[in-house]
Amino acid sequence: MATVKGDTLSYSKEGDDRSLKLAFGPYQTVKVTGAGGKGSDKGEMSGVYIAAQDYFSVSVSPTGRKGAAADGDGKKSSGEFILILRRQR
C-alpha cells in the first residue's frame, strides 16, 4: 500500500517504511529524493512518470546518468528505480 500526502509518497517494502519526495516538471519529468527508509540513500534521481486514472508509474535513475541506452545494452531497463502503483477500489 502506498499513500501520497503533499509532495511525499510513502510506502512499505519488506517491513521497512520508505518515503520519497517528488518534484514534477514539464513533459512528464520528475525528480525524486529519498526522505526516509532504508531505500532512500540513493540521493537525487530523475526520470519520467505516467499518471493515468488507475495507475501511477515512475522510472528514475541517479541524476546525470543516461540509462541503459547509453551503455549500449538494450537488455536492461533504462530506470534504476521503477515503481508502479495501481489504484484500489
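Values in this text are rule-based calculations from the coordinates and carry no lab data. Computed from a predicted structure; not experimentally measured. As a convention, Cβ positions derive from the backbone with ideal geometry for all residues, glycine included, and neighbour counts pool all protein chains shown.
When you count the other C-beta atoms within 10 angstrom of each residue and take the mean per peptide, 43-49, 79-85, 26-32 line up highest first as 43-49, 79-85, 26-32. For LYS5 and PHE24, the difference between the fully extended length at 0.36 nm per residue and the C-alpha to C-alpha distance is 5.4 nm. A crude spin-label estimate for the pair LEU83 and THR63, with each label 7 Å from Cα along the Cβ direction, gives 1.7 nm.
If R0 is taken as 25 Å, the Cβ-Cβ distance between ASP54 and LYS13 corresponds to a FRET efficiency of 0.70. Summing +1 for each Lys or Arg and -1 for each Asp or Glu among the other residues whose beta-carbon sits under 14 angstrom from that of GLN53 gives +2.
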